[in-house]
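For reference, the structure I am asking about is given below.
Just so it is clear, none of the values below were taken in a lab; they were calculated from the coordinates. Since we're looking at a predicted model, the values are computed, not measured. Here the Cβ is made from the backbone with ideal geometry for all residues, glycine too, and neighbour counts use every protein chain on show.
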Amino acid sequence: MRTTVPSLQGLKLRGRSPRLPAGLRIYAIGDIHGRLDLLEQMLGRIKSDLARHPAVRPVYLFLGDYIDRGPASRATIDRLIEHGDAHESIFLRGNHEQIALKCLSDRALFEQWLRLGGWETLLSYGVACRNPTSVEQIVELQTAFHSALPPTHFRFFRTLQNSFSCGDYFFAHAGVRPGIALPYQTEADLLWIRHEFLTSRTDFGKIIVHGHTPASEMEVASNRINIDTGAFATGRLTCLVIEDGLLSVIAASLE
């Protein structure tokens, strides 16, 4: 069931309600982090929402960070690929997908990835993990992960988008750098930025919808909406529903 959030209804862009093109409905889904259980629940709730409120063109938009930290990264990617084959979907790249893919060729990043939650991802792919204490052991993990990664998953990671713009909204995993026009944002900022973006009251020209920074509740500012509600730790996954000038929320939770 959709929920109306008062702060969303007051969101303005240059004095008017931000809009999408007529007939388009976007279901923007926050950071999943290996929580297949919450993803399945969310997809079921969106299916029910579409049955109650049919849309001319429903689009699923996933904001990145599908893997790491949670227990079912591999199964989550399998499910997203399956879903994308059946429904119009846009998959954005998160910093966790970026670093995991880079680890296949850059062993210097491997320990950083493990600290970010890569252990859980390796386990989900059937890679036996132990704390690497030498370059040789890192190379072993790197080789094992490369061998365990199905070609379909490799293609999925390679084809993720860094951002998506539509109507009065701009979608990116982490956010954007103030003072830089949206078409010229760097991949590093789109996937990793925090403080400079989160504290800015800059008019970016569009409302930025993002994740990356977990919050106990969805955050609504004058120029951005953060829908990362920390699914891997809180058991709450959030979906922002955008259609015409209306905004609402669908939540998945095991509480």
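With a sphere of radius 13 Å drawn around the Cβ of Ala188, what net charge do the other residues whose Cβ falls strictly inside it have (Lys, Arg +1; Asp, Glu -1)? Working shown, then result.
Details: positive: Arg93, Lys102, Arg177, Arg194; negative: Glu187, Asp189, Glu196.
So the surrounding residues net to +1.
Next question, about the same structure. If you put +1 on each Lys and Arg Cβ and -1 on each Asp and Glu Cβ, how big is the dipole of segment 91-238 around its Cα centre, in Debye rounded to 20? Walk me through the numbers on the way to the answer.
Numbers: 13 positive and 14 negative charges, 27 e Å.
In total the dipole reaches around 140 debye.
Please give the contour-minus-distance gain from Glu40 to Thr4: 0.36 nm per residue of separation, less the Cα-Cα distance, rounded to one decimal in nm. List each step's numbers first, then the result.
On the way: separation 36, 0.36 × 36 = 12.96 nm, distance 2.23 nm.
Extra length available between Glu40 and Thr4 comes to 10.7 nm.
Moving on to the next point. Would you mind working out the magnitude of the charge dipole of the chain relative to its Cα centre, with +1 at each Lys and Arg C-beta and -1 at each Asp and Glu C-beta, to the nearest 20 Debye? Spell out each step's value before the answer.
Numbers: 27 positive and 27 negative charges, 129 e Å.
So the dipole magnitude of the chain works out to roughly 620 debye.
Next up: From a point 7 Å beyond the Cα of Glu136 in the direction of its Cβ, which residues of segment 89-125 have a backbone N at a distance under 20 Å?
107-108, 110-111
Let me ask you something else. If you take the square roots of the eigenvalues of the alpha-carbon gyration tensor of the chain and sort them as a ≥ b ≥ c, do you get rounded (a/c under 1.5), prolate (a/b over b/c) or oblate? Walk me through the intermediate numbers first.
On the way: a/c = 2.06, a/b = 1.54, b/c = 1.33.
Prolate, because a/c is 1.5 or more and a/b exceeds b/c.
What list of ³J(HN,Hα) values in whole Hz, one per residue of segment 160-169 in order, does the Karplus curve 6.51 cos²θ - 1.76 cosθ + 1.60 (θ = phi - 60°) give from phi, with Gly and Pro shown as x?
Rounded to whole hertz, the list is 5, 8, 7, 7, 8, 10, 7, x, 9, 10.
Arrange Asp203, Asp68, Asp168 by Cβ neighbour counts within 10 Å, fewest through most, would you? Mind dumping the intermediate values first?
Working: Asp203 12, Asp68 27, Asp168 19.
By the 10 Å Cβ count, ascending: Asp203, Asp168, Asp68.
Using only helices, what value at 222 nm comes out for the chain when you add -39,500 (n - 2.57) per DSSP H run of length 4 or more and divide by the total residues, to the nearest 500 deg cm²/dmol? Please list the in-between numbers first.
Values: 11 runs with 89 residues, N = 255.
Rounded to the nearest 500, the figure is -9500 deg cm²/dmol.
Right, another one. Give the lysines whose C-alpha is closer than 25 Å to that of Lys206, dropping any in the same chain fewer than 8 places away, or say none.
Within the straight-line limit of under 25 Å, Lys206 reaches these lysines: Lys12.
Still on this structure, I have one more. Lys102 to Ala181: FRET efficiency via 1/(1 + (r/R0)^6), r the Cβ-Cβ distance, R0 30 Å, to the nearest 0.05?
Numbers: r = 27 Å, r/R0 = 0.89.
Rounded to the nearest 0.05, the efficiency is 0.65.
Okay, moving on. Please give me the summed charge of the neighbours of Arg93: other residues whose Cβ is under 10 Å from its Cβ, Lys and Arg +1, Asp and Glu -1.
On the way: positive: Arg158; negative: Asp65, Glu97, Glu187.
Net of charged neighbours comes to -2.
Pick out, in residue order, every one of the GluC sites (Glu not before Pro) in segment 69-155 that is DSSP loop and has at most 11 other C-beta atoms within 10 Å; say none if there are none. Before the final figure, lay out the partial values.
Details: sites: Glu82, Glu88, Glu97, Glu111, Glu120, Glu136, Glu140; in loops: Glu88.
Passing both the DSSP loop test and the Cβ count: Glu88.
Order these by the 10 Å Cβ neighbour count, fewest first: Lys12, Lys206.
Numbers: Lys12 10, Lys206 19.
The fewest-first ordering by Cβ neighbours comes to Lys12, Lys206.
Around Pro132, what is the net charge, scoring Lys/Arg as +1 and Asp/Glu as -1 over all other residues with Cβ under 15 Å from its Cβ?
Numbers: positive: Arg107, Arg115, Arg130; negative: Asp106, Glu111, Glu136, Glu140.
Computed value for this residue: -1.
Under the Karplus relation 6.51 cos²θ - 1.76 cosθ + 1.60, θ = phi - 60°, what is the ordered set of whole-Hz ³J(HN,Hα) values for segment 186-198, x standing for Gly and Pro?
With the stated coefficients, segment 186-198 comes to 7, 4, 4, 6, 4, 9, 10, 4, 9, 3, 4, 7, 5 Hz.
Which listed residue (Gly235, Ala252, His210) has the Cα farthest towards the positive end of the charge dipole for segment 166-255, taking +1 on Lys and Arg C-beta and -1 on Asp and Glu C-beta about the Cα centre?
His210
Separate question: Please report Ile29, Ile46 as a ranked list, fewest other C-beta atoms within 10 angstrom at the top and most at the bottom. Numbers along the way, then the final one.
Numbers: Ile29 28, Ile46 20.
Listed from fewest to most nearby Cβ atoms, that is Ile46, Ile29.
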